[in-house]
Amino acid sequence: MAAALQIVGDRWSLLAVREVLFGNHRFNEIARNTGAPRDRLALRLKELVAAGVLETRQYQDSPPRFEYHLTRAGRELAPILNDLRQWGDRWAVDHPPLTVRHHEHELKTRVVCATCGERVRESDVTRESNVADWDIAGPVAG
């Protein structure tokens, strides 16, 4: 989780990814819709490209201008952003600013195990550390 947050764990990064997901590919569109300071947004977009979340595509030769598009890694953030939006609608705002629809109904998602197809419940989940000398509570005394 810490490694993922190093890449996308800042407000402007996630809002930029949201905007590209919504189909806003040009810097001015992303800046307008996020409200991010232009210098900070330029840095975040550069970092997202370097991390492989976004890619640039030239749309004009003279002067050279580029658009931002999601890579596979960026597209895989869509369900995470949707879950974060749903959480925010429930816990952070009085009136959700956006309704996402799936066909004719509001989209509400849940976590399902891709291996067995079962709904994932916290009580059914276990965690194990894959790091030497650590367990789920932290460093193991040696």
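The values are calculated or read from the model by the stated rules, or taken from the named source; none is laboratory data. These numbers come from a predicted model, not from an experiment. Cβ atoms come from the backbone with ideal geometry, glycine included; neighbour counts cover every protein chain shown.
Structure notes:
- Filter pass, Arg85 being free of Cβ contacts under 8 Å to residues at least 40 places away in the same chain and assigned by TED's automatic domain parsing to the domain that holds Asn33: no
- Of all residues making up the stretch 18-38, the number that are surrounded by 12 or more Cβ atoms within 10 Å (Cβ to Cβ) and assigned to a helix (DSSP H, G or I): 11
- Cβ separations smaller than 6 Å between residues 6+ apart or across chains give the following pairs from the stretch 41-60 residues that are touching a residue at least 40 places away in the same chain (Cβ under 8 Å) to residues that are of a type in the set (Val, Ile, Thr): Ala51/Ile7.
- Within the option set Arg127, Arg75, being closer than 23 Å to Gln6 by Cα and surrounded by 14 or more Cβ atoms within 10 Å (Cβ to Cβ) holds for one residue only, Arg75.
- Checking each residue in the stretch 86-117 for being closer than 20 Å to Phe22 by Cβ, aliphatic (A, V, I, L, M) and out of contact with any strand residue (DSSP E or B) (no Cβ under 8 Å at 6 or more places or on another chain) picks out Ala92, Val93, Leu98.
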